[in-house]
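See structure below.
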Amino acid sequence: MTESNETHSLAHTLRDFMKLESAGGILLLIAAVIAMLIANSPLIDLYDDLLETTVALEVGALEIRKPLLLWINDGLMAVFFFLIGLEIKREVMEGELSSVSQVILPGMGALGGMLVPAAIYAWLNWHDTVALDGWAIPVATDIAFALALLGVFGSRVPVALKVFLLTLAIFDDLAAIIIIAIFYSDALAVTALLFAAATLVIGVAMNRLGVTRTSSYILLGVVMWIAVLKSGVHATLAGVLIAFCIPMRDKQGQSPLRRLEHDLHGPVAFAILPIFAFANAGLVLAGMSVGDLTHPVTLGVILGLFAGKPLGIMLFVGLAVLLRWVQLPAGVTWKQILGVSFACGIGFTMSLFIAGLAFEHGSGEYFAGDRLGILIGSVMSALMAYLILYFCLPKSEQKA
């Protein structure tokens with residue numbers, strides 16, 4: 001395949017991906033708005049009762065009994081993290097993470113985009129040990145919303161800029177997985193943890209033995225999810241671990257991983273993430289005041305997303321270029337990197353998810369504050385990203 005054909009293929013793939021994620025971002029927004037409207041209407045009690053409805057699964061001595069909200073956050077989001085795991089493995093094996101030279105620029109940007117927001121939040125909440133648990137909330141990036149924003153500009157967006165955002169977001173997702181595993185796990189149940197480890201060993205063995213039927217891995221993934229859930233480690237990590245076991249290629253050269261990834265994009269973008277947004281974005285505004293906006297938790301999230309994200313990304317990308325580790329891709333300007341850096345401040349879905357983990361064991365006093373901060377910080381970041389990209393992107397469309 002010639003270089004021009006490879007470039008055209010990459011542009012075509014990215015265009016299709018952007019279309020799907022843009023549509024998913026719109027549905028996310030609609031779901032969040034509906035949740036906000038219901039939460040501030042006479043339907044609030046019905047909304048709360050629905051999310052608190054107990055759903056139980058019982059097979060012999062095994063019983064899982066959780067409110068509907070936790071089935072969404074622990075169960076459906078495991079599928080989302082499964083898709084993230086597939087994307088990460090594909091990029092490492094054959095994509096943008098397969099070469100060290102390709103990952104330095106977005107990798108440095110992701111590092112700065114995690115450290116600076118976390119530092120800002122921690123600085124504002126250092127006096128409160130409970131509030132400090134939310135330090136990772138402004139670290140996250142909602143890739144669906146970020147891509148939806150870039151999708152507004154169509155092919156005016158250089159392919160290299162899209163690749164930069166996608167790769168940076170993959171690093172963000174990988175960091176979120178590590179953060180959840182290390183900082184947001186309960187007291188560990190050793191027996192369940194060992195059982196989960198055994199299922200992972202089986203999954204790796206299946207891969208090495210050439211098992212390519214994805215249904216076998218999915219069945220094993222369900223068993224792993226139950227074991228991880230019972231172990232005290234957050235259950236969504238099971239999705240990532242089993243995704244790493246899916247074979248990249250079979251003997252005929254086909255890709256079971258890519259096929260499964262393609263099949264999951266629709267359900268995740270159009271169902272799972274909007275359902276999650278509907279269940280978690282219902283912020284009650286009644287009784288809120290200016291004081292709520294200046295609360296250290298709320299302010300830490302807002303400043304972390306709106307200021308910390310772009311500042312950290314620009315500083316670390318600038319450092320990498322200054323030290324001549326890497327240079328900006330051809331056709332990409334510093335203003336465009338700044339616009340994308342603000343787009344990475346749209347935390348929404350991932351920030352809501354981490355906020356739930358951070359404060360689920362507390363008194364609940366920070367639930368409203370963190371959601372308010374996430375919504376305001378994400379909206380401000382989106383508006384600033386749009387304005388910057390509107391004025392700095394080429395006025396005529398790029399030819400892909």
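The one condition from (1) within 20 Å of Val59 (Cα to Cα); (2) in contact with a Gly (Cβ under 8 Å, 6 or more places away or on another chain) that Leu241 does not meet is (1). Filtering segment 213-226 to residues that are part of a helix (DSSP H, G or I) and either touching a residue at least 60 places away in the same chain (Cβ under 8 Å) or over 13 Å from Ala78 (Cα atoms) (or both) leaves Thr214, Ser215, Ser216, Tyr217, Leu219, Leu220, Gly221, Trp225, Ile226.
Hand me the list of helices (runs of 4 or more DSSP H) wholly inside segment 256-364 holding 2 or more residues that are of a type in the set (Phe, Trp, Tyr) and surrounded by 24 or more Cβ atoms within 10 Å (Cβ to Cβ). Break it down into steps so the answer makes sense when it comes.
On the way: elements: 256-267, 273-280, 290-293, 296-303, 309-322, 334-343, 348-359.
Filter on segment 256-364 gives 348-359.
Looking for something over 21 Å from Val268 (Cβ atoms) and at pLDDT below 85 - is there at least one such residue anywhere in segment 133-146? Checked segment 133-146: no residue is over 21 Å from Val268 (Cβ atoms) and at pLDDT below 85. Residues in segment 89-120 that are over 19 Å from the mean Cα position of the chain (by Cα) and either at pLDDT 95 or above or crowded, with 24+ Cβ neighbours inside 10 Å (or both): 3 in all.
Exactly one residue among Leu68, Leu51, Leu62 is of a type outside the set (D, E, K, R) and more than 28 Å from the chain's Cα centre (by Cα), and that residue is Leu62. Taking segment 242-253 as the range and being part of a loop (DSSP other than H, G, I, E, B) and in contact (Cβ under 8 Å) with a residue 24 or more places away in the chain as the test, the residues that pass are Phe244, Cys245, Ile246, Pro247, Met248, Asp250, Lys251.
The values are calculated or read from the model by the stated rules, or taken from the named source; none is laboratory data. Predicted, not measured: the structure shown is a model, and the values here were computed from it. Neighbour counts run over all protein chains shown; Cβ positions are idealised from the backbone, glycine included.
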